[in-house]
1. Name the residues in segment B:117-150 that are of a type in the set (Lys, Arg) and under 14 Å from B:Phe88 (Cβ atoms), would you?
2. What pairs come out if I take residues in segment B:301-328 that are over 24 Å from B:Ser167 (Cα atoms) and in contact (Cβ under 8 Å) with a residue 24 or more places away in the chain and pair them with residues that are of a type in the set (Phe, Trp, Tyr) and assigned to a loop (DSSP other than H, G, I, E, B) whose C-beta lies under 7 Å away, six or more apart or interchain?
3. So C:Ile51 ticks every box in (1) among the β-branched types (Val, Ile, Thr); (2) surrounded by fewer than 22 Cβ atoms within 10 Å (Cβ to Cβ); (3) more than 22 Å from C:Ser165 (Cβ to Cβ) but one. Which box is left unticked?
4. Name the pairs whose Cβ atoms lie under 8 Å apart, with the first residue in segment A:381-393 and in the same structural domain as A:Leu44 (by TED's automatic domain parsing), the second in a loop (DSSP other than H, G, I, E, B), and 6 or more positions between them or separate chains?
5. Is it true that C:Gln300 is more than 18 Å from the chain's Cα centre (by Cα) and not charged (D, E, K, R)?
6. If you go through segment A:27-41 one residue at a time, do you hit one that is surrounded by fewer than 19 Cβ atoms within 10 Å (Cβ to Cβ), within 14 Å of chain C (Cβ to nearest Cβ) and modelled with pLDDT of 95 or more?
7. Report yes if some residue within segment C:195-211 is over 30 Å from B:Arg363 (Cβ atoms), assigned to a strand (DSSP E or B), touching a residue at least 12 places away in the same chain (Cβ under 8 Å) and among the aliphatic types (A, V, I, L, M); otherwise report no.
8. Mind listing whichever residues of segment B:232-258 are charged (D, E, K, R) and surrounded by fewer than 23 Cβ atoms within 10 Å (Cβ to Cβ)?
Amino acid sequence: MDPYDYQARMTRRPMVKVAELQKEQRLKHVIFADQIDRGLIEHLCGVADMIRTISKTKKGSLYLTDLLPHKRAMMYFTQPSTRTFLSFMAACQILGITCNEVRDRNTSSEVKGESPFDSIRMFSSYFDIIIMRSNEKTFAEGCAYLMNDLESSGQRHVPIVNGGSGSEEHPTQALLDIYTMTRTFQFSDPKDSLKWSRFDDLRKTYPGLTKGLDNKVYAFCGDIGRGRTVRSLCKLLTQYDDPTLIFIAPEIPSLRLSTEMRDSLTAAGAKVIEVSSFEDIVNGKPVIEMIDCLYMTRIQKEHNNPVDAELLQTMDLSRYCLTLELVNRMKQYAPILHPFPRDSNFGEIPPEIDTNPRVMYFRQARNGMWIRAALIAYLFDVDSRILNHFRDYYLNPIIV
Amino acid sequence: MDPYDYQARMTRRPMVKVAELQKEQRLKHVIFADQIDRGLIEHLCGVADMIRTISKTKKGSLYLTDLLPHKRAMMYFTQPSTRTFLSFMAACQILGITCNEVRDRNTSSEVKGESPFDSIRMFSSYFDIIIMRSNEKTFAEGCAYLMNDLESSGQRHVPIVNGGSGSEEHPTQALLDIYTMTRTFQFSDPKDSLKWSRFDDLRKTYPGLTKGLDNKVYAFCGDIGRGRTVRSLCKLLTQYDDPTLIFIAPEIPSLRLSTEMRDSLTAAGAKVIEVSSFEDIVNGKPVIEMIDCLYMTRIQKEHNNPVDAELLQTMDLSRYCLTLELVNRMKQYAPILHPFPRDSNFGEIPPEIDTNPRVMYFRQARNGMWIRAALIAYLFDVDSRILNHFRDYYLNPIIV
Amino acid sequence: MDPYDYQARMTRRPMVKVAELQKEQRLKHVIFADQIDRGLIEHLCGVADMIRTISKTKKGSLYLTDLLPHKRAMMYFTQPSTRTFLSFMAACQILGITCNEVRDRNTSSEVKGESPFDSIRMFSSYFDIIIMRSNEKTFAEGCAYLMNDLESSGQRHVPIVNGGSGSEEHPTQALLDIYTMTRTFQFSDPKDSLKWSRFDDLRKTYPGLTKGLDNKVYAFCGDIGRGRTVRSLCKLLTQYDDPTLIFIAPEIPSLRLSTEMRDSLTAAGAKVIEVSSFEDIVNGKPVIEMIDCLYMTRIQKEHNNPVDAELLQTMDLSRYCLTLELVNRMKQYAPILHPFPRDSNFGEIPPEIDTNPRVMYFRQARNGMWIRAALIAYLFDVDSRILNHFRDYYLNPIIV
């Protein structure tokens, strides 16, 4: 049935796969969060910051669009998406890449019986990178193996980027979340100067506060078990020193942390705590008051099975909705993230919070564009050009 | 429910709103026809003529695409559209702007419960202008307020352009209609020379004929009450001296001029006349013979309520269809416009008229592209560059 | 009903139409395979090869995108398509053309009663070329006449390219098939050198082998009667010397060669043979062993009428599926083509064949992109620029 034997390859241990998806320490395809280590995160965040700065002028924008105008991207998104889709489009366009899309299987050849792998192989004929989202959790991975096989036999092959694979992984969302946290935990501010900084100010109230993502307490609220963004993000957070991960979820098995994920996070060095409410006491304090970062999620009711649906009916789910009152009890600097879309009917984040300075969820969208542009630049090996350009034109010369 | 209090702002008088949608006499957003005064119309028509001329060569086209290649537009059209959509796309592309689109809510995040304002705010993260069409008549207006609020709080904000809002407004269609009339009422022609002009010729038959849009008789036929294009266009026509506006519509209240619109047009100085047929006598002549310009429309049966539908059944609607015979009775110079699409089943404009020299409806489409390019150039403040370029390279030098 | 009288023009003989679709020996529109003669095929294959070579570097790619950046293409595909659609998009983008698309009639003005010819005329207002696919077999032809009429009356008109018209024609697919065969029958190989070539090697086994498409045996398997690609390709093959065309199809009238097509191929000089299986004996050998080229097709079950469906049920259709065993009996050099998509359920080409060196179906896709780029360059009259550029920068100078 499967001449390419993908099934057997998919069941191998992550580290074996990771090696196969890179070439001399450089990623060829982006499929799992496990592929991304701290060094790469920091590199990409740096490149994203540079792209952001360079693109502020028309001249800078044109420098960037002149990097990859000879490349074409296929956006193959067969699962609904606006944010990730547009963010990748914008990221490509920043670098001059022309985008094409296939989103609706009804206008495509799959109605004629074409196998999805044939579609991917066709895309690799016309395009230079395939960015994809699929309901099937292993499809992107299989596509990466297909490309590797083509490479082995000396044929045309292109990088695969996973823009969301079923309930499994969403590695670039995790990257943008980490990028947003990285920027927040710099505690810099327009008013910063050599003499004074927001960080010094905050240290008066929070003496133990440090910059960066190490040694922080992260809370995740809502649909933990079924959310691919939480899964991918937690994996990245274990790259940092001593993370504490608190999961706040309804007591329904499918919505809570899976045993497998709990074990893997613990094994990776994280301290894992599971509670049912923002008010549960951890280290002598209600959760809401002791966390350094809050990551909200939407209850993905489209994934409810009948049992879950019935259980959810009987519960008070307003406990998984933020209120202005709760927000005001949070640490002054603690950012609130949400992968968006938020559910305006469920109300996990009511709009009256939108103007609170802790809110980062709108910035996440724009951060996503920059970090994805950095990732694509890296995949096409023009990231070093951006570094050099930035050094030559944007940094003050160091006088020796 | 609405923390942004848009409802209250929407009910204010037009002139209060107009002020809020501009910045030092320059429009920030394009939402209503009321925002557009005669000076702006004439400016935009001039810029459109220049863009049209400049784009005739490859070199000129490249000059134009070099104006805004660092900008990206979101085309957010959740109501069916081909003409307006493509026209805006083409207008953006003429100026080098990269376009992205969201048209089908089924492939977007609104299926996950996202509020439309969250979508708009996300678009403003990735894009530099949002061009939108919506069924809801106040949605574009609300988006403009959202952007203004973001601006007030020092956050990223972009211009909103209304490409059709429910049954309410379609200001850029009105602009292209006016632009088409402006060009027609110049009475210029390829055969024009310093010695002889088509205008002189016409004056032999029509001694009172003047150039321009002042003091003309405009007739509108068909679906007056439910047509946003007629509504927006009439508002612009009141910017000209002494317009006579004749409305030819079936005697069904929802299809006829609303009291509110009649009052506002009269208050703005227009002479308003309502009739039921092209043959009705006005100033001693059948309407068809005395008008300077005829604007046909499609009966929008998709907006029929059951009462209207039944009434329409009983009526002879062929009176609202043009025939070659009627056309031949019109003034020789009187243009025939139609916002298109025409309804090939209803037949308000049968194709045998298409080759008549009075026909302007095909030219409207192309005019729409140019005037929209002019409008977008204006919104991004590069209109003066176009003026300067045109003066430097296309006008004959004036020797002093 | 039809003021443009297209019906009458469509029933004329092909050669009368061909003359009308060109201007001084150069095609204006691409509608039928009959328009394309051997000289044009060879010219386009040459240009395609050059585009392919030039685009290998970033500098070369930028040379190509600088040819037509002032042009915009409308992709009007109202019939499902991925491959042809993306291939044309890529072809346009290679030449710097900006693409827009209309694919879903539900988001277009046809829901408001617009006639398709009005849509086409609108497209010709905004765009510089219309590439279209339609269920209706004469629609593209009608559009070409519409454009010619506009030209005659001094109005804006653009080239029409047929990307698939009902069951009738698919001329650009035929071009890419021919281009693939042309490349295959050069028998060149990376290992070729001045001293030794793959062709010499093959001649040891096949002493009568010649380069090029003349005097070859072509087999077509599967859905012959309903396949527009086979129809268009066979017409092109009759441009070559003494083609033998073998058709392998189930014994169902609608799937077999039509009388009309058999007669026209025979009249054009082809030897036509019809069989029911790869094992049928022709010239003393089973078909599978004596053919120079095999063109597989998908059984287009979406076109089944009830009678066909019932007949197909009773037949053993596995005879129209290739197997590895059959492939191994083919001549060593004989290419296997398929217009794709293949039907993964029916299995006319099982994936275990994919790595066989005879397989050309994946290359066809990429070849399609190059030959379409060549065709579009030709339609915009920049093909000679490509020839000159190639001569100046890629060919070794001839020292006199």
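The values are calculated or read from the model by the stated rules, or taken from the named source; none is laboratory data. Keep in mind that what you see is a predicted model, and the values were worked out from it rather than measured. When we count neighbours, we look across all protein chains shown, and the Cβ atoms used for this are built from the backbone with ideal geometry, even at glycine.
1. Applying the first criterion (of a type in the set (Lys, Arg)) to segment B:117-150 yields B:121, B:133, B:137.
Across segment B:117-150, the qualifying residue is only B:Arg133.
2. B:Leu326/B:Phe278
3. That leaves (2) as the condition not met.
4. Correct list of pairs: A:Val382/A:Leu67; A:Val382/A:Leu68; A:Val382/A:Leu95; A:Arg385/A:Leu67; A:Ile386/A:Leu67.
5. Working: more than 18 Å from the chain's Cα centre (by Cα): no; not charged (D, E, K, R): yes.
Considered against the rule, which asks whether it is more than 18 Å from the chain's Cα centre (by Cα) and not charged (D, E, K, R), C:Gln300 comes out as no.
6. Looking for residues that are surrounded by fewer than 19 Cβ atoms within 10 Å (Cβ to Cβ), within 14 Å of chain C (Cβ to nearest Cβ) and modelled with pLDDT of 95 or more, one finds none in segment A:27-41, hence no.
7. Just the residues of segment C:195-211 that are over 30 Å from B:Arg363 (Cβ atoms), to begin with: C:195-211.
From the residues that got through so far, the ones that are assigned to a strand (DSSP E or B) too are none.
Checking segment C:195-211: not a single residue is over 30 Å from B:Arg363 (Cβ atoms), assigned to a strand (DSSP E or B), touching a residue at least 12 places away in the same chain (Cβ under 8 Å) and among the aliphatic types (A, V, I, L, M).
8. Here is the first cut: in segment B:232-258, the ones charged (D, E, K, R) are B:235, B:241-242, B:251, B:256.
Passing the criteria: B:Asp241, B:Asp242, B:Glu251, B:Arg256.
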